[in-house]
Amino acid sequence: MREAVLEREYGGKTVFGACIGVMMLETRFPRVLGDVGNAGTWPFPVQFRIVRGASPHRVIRNRAAGLVEGFIEAGRDLVAHGVDALTTNCGFLSLVQEEIQDAVGVPVAASALMQIPAINALLPTGKKAGILTISQEHLSEDHLVAANVPLDTPIAGTDGGREFSRKILDDQPEIDFALCQDDLLDAAKGLVESHRDIGAVVLECTNMVPFAADIRKATGLPVFSIYTHICWLQSGLLPRQFTFHLHDPRRN
């Protein structure tokens, strides 16, 4: 028996093992475990770059106007420091997905919404994914088209809630996460109750990830997010190395 091993390593960059780069909005609100911007969220190393001037207000309410070059610059710097793929911390950046990926030359997963076509393909006939967003008011058809999301996809927002949307969109330094949980659960339950054909929930907002398990429990449906998207992407960039034994044909 002989053991199959990796016989040769290749270089060409400085930093290894942190192959996901996160292009971050410039914010001051707290980021708890589960949030993309909390390094402890990830089960693998990631690299971060802040896009100066990219506030939640500008990205969501103003459609990232004037910010594309800043994201491209941050993305290129991350690639130069060893990452093999990029993501962002706002699902509304689906609008700039194509521009960034064409400029940086590596895979880009700008938005959790990109998962929806694949999720729909998994669901039983008559079922579809629904979207939970931080701002139903500002999530437009343009955002959906950019992420290849069907335009008849059900959407609900936390816009009318007590805490979540207001505190994050206005970038407040203090957040009551118990109230945020209430906002997310209310919106998720309303989405599912209003659309009986929903078979999965997709969290547009990366700040919703800490509540994904609560939403799953409350709705009974699979919940997908930027976390599920990037864990899938990373598994392709660094496939698990299996140790196994091959039969030596010279022996019986």
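Among the residues of region 49-61, is any buried (at least 18 other Cβ atoms within 10 Å of the Cβ), within 30 Å of Q241 (Cβ to Cβ) and in contact with a helix residue (DSSP H, G or I) (Cβ under 7 Å, 6 or more places away or on another chain)? Yes, there is a match, as at least one residue in region 49-61 is buried (at least 18 other Cβ atoms within 10 Å of the Cβ), within 30 Å of Q241 (Cβ to Cβ) and in contact with a helix residue (DSSP H, G or I) (Cβ under 7 Å, 6 or more places away or on another chain).
For every residue, the table says whether it meets (1) modelled with pLDDT under 95; (2) over 24 Å from P30 (Cβ atoms); (3) touching a helix residue (DSSP H, G or I) at 6+ places or on another chain (Cβ under 9 Å).
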{"position": "M114", "(1), (2), (3)": "no, yes, yes"}
{"position": "L132", "(1), (2), (3)": "no, no, yes"}
{"position": "T153", "(1), (2), (3)": "no, yes, yes"}
{"position": "R166", "(1), (2), (3)": "no, no, no"}
{"position": "E174", "(1), (2), (3)": "no, no, yes"}
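Quickly run through region 103-118 and pick out the residues that are part of a helix (DSSP H, G or I) and under 11 Å from the mean Cα position of the chain (by Cα). Within region 103-118, A112, L113, M114, Q115 qualify.
Any residue that is closer than 21 Å to Q115 by Cβ and crowded, with 22+ Cβ neighbours inside 10 Å - is there at least one of those in region 165-179? No, region 165-179 has no match at all.
Taking region 120-142 as the range and being polar (S, T, N, Q) and either part of a helix (DSSP H, G or I) or open to solvent by less than 10 Å² (accessible area, probe 1.4 Å) (or both) as the test, the residues that pass are N120, T133, S135. In the set (1) at pLDDT below 95; (2) in contact with a helix residue (DSSP H, G or I) (Cβ under 9 Å, 6 or more places away or on another chain), the condition left unmet by M1 is number (2). On the basis of being surrounded by fewer than 18 Cβ atoms within 10 Å (Cβ to Cβ), modelled with pLDDT of 90 or more and either under 21 Å from P107 (Cβ atoms) or under 17 Å from the mean Cα position of the chain (by Cα) (or both), does V32 make the cut? Yes. Within region 218-242, the set of residues being under 15 Å from P45 (Cβ atoms), among the polar types (S, T, N, Q) and open to solvent by 50 Å² or more (accessible area, probe 1.4 Å) comprises S235 only. Evaluate region 157-168: report whether one residue or more is part of a loop (DSSP other than H, G, I, E, B), touching a Leu at 6+ places or on another chain (Cβ under 8 Å), polar (S, T, N, Q) and farther than 21 Å from W42 by Cα. Yes; the residues of region 157-168 include at least one that is part of a loop (DSSP other than H, G, I, E, B), touching a Leu at 6+ places or on another chain (Cβ under 8 Å), polar (S, T, N, Q) and farther than 21 Å from W42 by Cα. Of everything in region 4-29 that is open to solvent by less than 20 Å² (accessible area, probe 1.4 Å) and modelled with pLDDT of 95 or more, the residue that is farthest from R250 (Cα to Cα) is F29. Does region 85-99 contain at least one residue that is open to solvent by 10 Å² or more (accessible area, probe 1.4 Å), in a helix (DSSP H, G or I) and more than 18 Å from D142 (Cα to Cα)? Within region 85-99, none of the residues are open to solvent by 10 Å² or more (accessible area, probe 1.4 Å), in a helix (DSSP H, G or I) and more than 18 Å from D142 (Cα to Cα). Evaluating A64 against the criteria (1) farther than 23 Å from L203 by Cβ; (2) small (G, A, S); (3) open to solvent by less than 20 Å² (accessible area, probe 1.4 Å) leaves one unmet condition, (1). Out of the residues in region 233-251 meeting the condition of being within 29 Å of R31 (Cα to Cα) and in contact (Cβ under 8 Å) with a residue 60 or more places away in the chain, tell me which one is nearest to the chain's Cα centre (by Cα). Ranking the qualifying residues of region 233-251, first place goes to L233. Against the numbered list (1) within 24 Å of T87 (Cα to Cα); (2) in a loop (DSSP other than H, G, I, E, B); (3) open to solvent by 70 Å² or more (accessible area, probe 1.4 Å), V145 comes up short only at (2). Scanning region 214-252 for residues that are more than 29 Å from V83 (Cα to Cα) and either assigned to a helix (DSSP H, G or I) or touching a strand residue (DSSP E or B) at 6+ places or on another chain (Cβ under 7 Å) (or both) turns up D214, I215, R216, K217, A218, T219, L221, P222, H245, L246, D248.
The values are calculated or read from the model by the stated rules, or taken from the named source; none is laboratory data. What you see is a predicted model, and the numbers here were worked out from it, not measured in a lab. A quick note on method: Cβ atoms are made from the backbone with ideal geometry, for glycine too, and the neighbour counts reach across all protein chains shown. Calculation scope for accessible area: heavy atoms of the full protein, side chains included, ligands and nucleic acids excluded. Shrake-Rupley method; radii C 1.70, N 1.55, O 1.52, S 1.80 Å.
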